[in-house]
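J.: My questions will all concern the structure given below.
Nothing in this text is a laboratory measurement; each read-out follows from the coordinates by a stated rule. Quick caveat, the model's predicted, so the values are computed rather than measured. Cβ sites come from the backbone with ideal geometry, for glycine too, and all protein chains shown count toward neighbours.
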Amino acid sequence: MKKILISVLFATSLMLTSCADLLELSYDIEELVEYLEAEDSIAKSEENMPKNVILIIGDGMGVAQVYSSVVAQKEDNSAFLRFPYSGFSRTYSLNKYRTDSSAGGTALTTGHKVENNHVNWASDSSRYPTIFDDAVSVGMQTGFVVTSSVLDATPASTYGHVPYRRMFDTLSLQLSQCNHSVMIGGGRMNFLTENRKDGLSPLDTLTKRGYKVVYTLDSMQNFDGDKMVALLYEGDPLTAPARGNVLTVGAQKALTMLNRNPKGFAMMIEGSQIDWACHNNDSAYLRAEMADFEQMLNAVLDFAANDGQTLVVVTADHETGGVTLPNGDIANGGNDVHFLWGNHTGVMVPVFAFGPGAFHFSGIMNNTDIPTKIRLLLGFDND
C-alpha cells in the first residue's frame, strides 16, 4: 500500500511545473512515509499473538438469540456491542446438515468435522487433539466453566474422546485424567462409585493427582490452590436466575487461577442452557439465560480490556429452535420471540472477537476455522 501511494504521488510530481511545488511535495512524501510506517507498526502490534485465549460458546445461540438480548439490555448496554469484530460460522457436521453439540464442540476445539454424537473421535476411531492439549504442551494452563454437567457434550469436547457423547462413565474417567487446571459445572452423581457400572472412583483419581474437589459456590470461591474441580450440582445446574451468578463467578474464579501462569492460559466458557431454553421453546427461559450470558461476557471483557493480552472469541456450536423476532419494543427492551420447532437448525451462527488478533475472525468461516486461527495466533502447528 505504501509503494502504491508513493508511486501515485511521484507520478503527480511529474505534472508539477515549479521546483517549489516539487520541493513541497517531497516533504509531503516524507511525512506520508513516516505516517505509513507508523500505521505498519500499529498493524503489526495488532497482529501480535495473544498470550491468553478465551473461547466462549453460547450453546444453541443464533443471531436472533443474540439480537433479542441486545434489545433486552436497552440503550445499547449489551455486551455484544463491545466486540469490534464479528463474522459468521458454518456449523454442519461431517455427516449431517444439522450438527449436534458433540460434533459442533469437536469442530470448535479440534478444527475437525466429525459425525454427530462423536466427541473428538474420527470415523476411523482415531482421536483428535484439541487446542487445549496444544496449550498444555507448551506450558499454558487450561480449564472450563459451564452451566451444564461437566460431562455434557461441549465441555467434554475440551478433554474427552468417545464415539458416543453419553458415555458418561468413560468421560468422567477421562476428565479425572486430563490436564485442565480448573473445571466448573454440575454432574456430581456420575463421579460417585455407587452410581457407576464400573465401580471406579474418578474422584479418588482427581484427589491423588492433586485436585481439590469442591461442591459449593463458597468452597469454590474460597479455594486458593492451583488445581480444582467444582461439581456444584448433583446433576445439571439450575436454570437462570435460580442458580444465581454461578457462570460469572465461576468464570472470574477460573480467570484468577489461570492468570497466575506466566506462560498464559486457554479456557472455554459455555452458556449451556441457552440451547435448553430453545429446545423447550420457552422465551422467558431464553431471556434469563441470555441475561446471565451477558453478565459473564461483561466480566470477561473487563478482564481482557484491562489485561491487553487476551483474545476473546464468542460463538455457538449451532442454532436451536429456529428463533425469529417478528416484533419487539426497542424502548422497553421487549421481544416477540417465535420458535420454528424444538430442535437444532443448520443456519450460520455469529462469531464475535475482542483483543489481540481479533480481526482474523471477521467474515464467513467454517466452525473448524476458529481453532485453526487460534492455533496460529498462539504459535501452534496446525496438523
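J.: Would you please put 140-146, 93-99, 289-295 in order of how densely packed they are, using the mean number of other Cβ atoms within 10 angstrom per residue and starting with the highest?
T.: Working: 140-146: 26.6, 93-99: 17.4, 289-295: 23.0.
So the peptides 140-146, 93-99, 289-295, ranked by packing, come out 140-146, 289-295, 93-99.
J.: Classify segment 122-277 from the C-alpha gyration tensor, please: rounded if a/c falls under 1.5, else prolate or oblate depending on whether a/b exceeds b/c.
T.: On the way: a/c = 1.27, a/b = 1.06, b/c = 1.21.
Rounded.
J.: Compare the Cα positions of G143, H118, V314 along the charge dipole of the chain (+1 at Cβ of Lys, Arg; -1 at Cβ of Asp, Glu; about the Cα centre) and return the one farthest towards the positive end.
T.: With unit charges placed on the Cβ atoms, the residue in question is H118.
J.: Order these peptides, 338-350, 61-73, 194-206, by their mean beta-carbon neighbour count within 10 angstrom, highest first.
T.: Working: 338-350: 17.3, 61-73: 21.9, 194-206: 14.5.
Averaged packing, sorted descending, gives the order 61-73, 338-350, 194-206.
J.: Using only the alpha-carbon atoms, how far is helix 283-307 inclined from the longest principal axis of the chain? Give it as 0 to 90 degrees, nearest 10.
T.: The angle comes out at about 60 degrees.
J.: Which of rounded, prolate, oblate describes segment 45-160, given a ≥ b ≥ c as roots of the alpha-carbon gyration tensor eigenvalues and a/c under 1.5 marking rounded, otherwise prolate only if a/b is larger than b/c? Write down the numbers at each step before the final one.
T.: Details: a/c = 1.95, a/b = 1.32, b/c = 1.48.
Oblate is the answer for segment 45-160, as a/c is 1.5 or above yet b/c matches or exceeds a/b.
J.: Take N366 and N306, extend 7 Å from each Cα along the Cα→Cβ direction, and tell me the distance between the two endpoints in nm.
T.: 4.0 nm
J.: Convert each backbone phi in segment 237-249 into a coupling constant with the Karplus relation 6.51 cos²θ - 1.76 cosθ + 1.60 (shift: θ = phi - 60°), then list the ³J(HN,Hα) values in order as whole Hz, x for Gly and Pro.
T.: Per residue, the Karplus-derived 3J(HN,Hα) values read x, 5, 7, 7, x, 4, 7, x, 9, 4, 5, 5, 5 Hz.
J.: Out of Y285, S89, L206, whose Cα points farthest toward the positive end of the dipole of the chain (charges: +1 Lys, Arg; -1 Asp, Glu; placed on Cβ)?
T.: L206
J.: As a quick test, which of the pairs K263/K373; K96/K253; K51/K227; K96/K197 have an alpha carbon distance above 26 angstrom in this structure? It would help to have the intermediate numbers written out before the result.
T.: Details: K263/K373 19 Å; K96/K253 37 Å; K51/K227 20 Å; K96/K197 32 Å.
With Cα atoms farther than 26 Å apart: K96/K253; K96/K197.
J.: Using the Karplus equation 6.51 cos²θ - 1.76 cosθ + 1.60 (θ = phi - 60°), what ³J(HN,Hα) coupling, rounded to whole Hz, does each residue of segment 326-339 give in order, writing x for Gly and Pro?
T.: x, 7, x, 9, 4, 4, 9, x, x, 9, 8, 8, 10, 10
J.: Moving to a separate point now. Under a 5 Å amide H to amide H cut-off, with H placed in plane at 1.01 Å, what residues pair with G271 once short-range neighbours are removed?
T.: Amide H neighbours of G271: I57, G58, D59.
J.: Same structure again: For segment 50-378, what is the percent of antiparallel DSSP beta bridges, rounded to the nearest 5?
T.: Here the share of antiparallel DSSP bridges comes out near 35 percent.
J.: Check G334: other-chain or 5+ apart residues with amide H under 5 Å from its amide H, H built from backbone geometry?
T.: Answer set, sorted by chain and number: D329.
J.: Sort out for me the Cα centre separation of segment 154-210 from segment 255-279, rounded to whole Å.
T.: 18 Å
J.: If packing is taken as the average number of other Cβ atoms within 10 Å across a peptide's residues, how do 165-176, 322-333, 219-230 rank, most packed first?
T.: Details: 165-176: 21.1, 322-333: 13.7, 219-230: 17.3.
Output ranking for 165-176, 322-333, 219-230: 165-176, 219-230, 322-333.
J.: Once the mean 1/r over all distinct Cα pairs of the chain is inverted, what Kirkwood radius in angstroms do you read off? Don't skip to the answer; put the middle values down first.
T.: Working: mean 1/r = 0.0453 Å⁻¹.
Radius from the Kirkwood sum: 22.1 Å.
J.: For segment 105-160, what class follows from the C-alpha gyration tensor (a ≥ b ≥ c being the square roots of its eigenvalues): rounded when a/c is under 1.5, otherwise prolate if a/b is larger than b/c, else oblate? Provide the component values of the computation, followed by the final result.
T.: Values: a/c = 2.40, a/b = 1.17, b/c = 2.05.
Oblate, because a/c is 1.5 or more while a/b does not exceed b/c.
J.: Now a separate question. Charges at C-beta only: +1 for Lys and Arg, -1 for Asp and Glu. How large is the resulting dipole of segment 243-335 about its Cα centre, in Debye rounded to 20? Display every interim value, and only then the final one.
T.: On the way: 5 positive and 11 negative charges, 92 e Å.
Around 440 debye, computed over segment 243-335.
J.: How large is the helix-only mean residue ellipticity at 222 nm for the chain, computed as the sum of -39500 (n - 2.57) over DSSP H runs with n ≥ 4, divided by its residue count, in deg cm²/dmol to the nearest 500?
T.: On the way: 13 runs with 150 residues, N = 383.
It lands at -12000 deg cm²/dmol.
J.: Now, a different point. Determine by what factor the alpha-carbon radius of gyration of segment 189-296 differs from 2.2 N^0.38 Å, reporting the quotient.
T.: On the way: Rg = 15.9 Å, N = 108, 2.2 N^0.38 = 13.0 Å.
So segment 189-296 has a normalised radius of gyration of 1.22.
J.: If R₀ is 35 angstrom, what is the calculated FRET efficiency for the pair T324 and M49, using the beta carbon separation as r and rounding to 0.05?
T.: Details: r = 40 Å, r/R0 = 1.13.
Once the sixth-power term is evaluated, E becomes 0.30.
J.: Would you please give the residues with an amide H less than 5 Å from that of F88, counting only those at least 5 places away or on a separate chain, with H modeled from the backbone geometry?
T.: Under 5 Å from the amide H of F88 lie the amide H atoms of V351, G363, I364, M365, each far enough along the sequence or on another chain.
J.: On to the next question. Take every Cα pair under 8 Å in segment 50-378 that's 6+ residues apart, average their separations, divide by the length, and report that relative contact order as a whole percent.
T.: Details: 782 pairs, mean separation 107.6, N = 329.
This gives 33 percent for segment 50-378.
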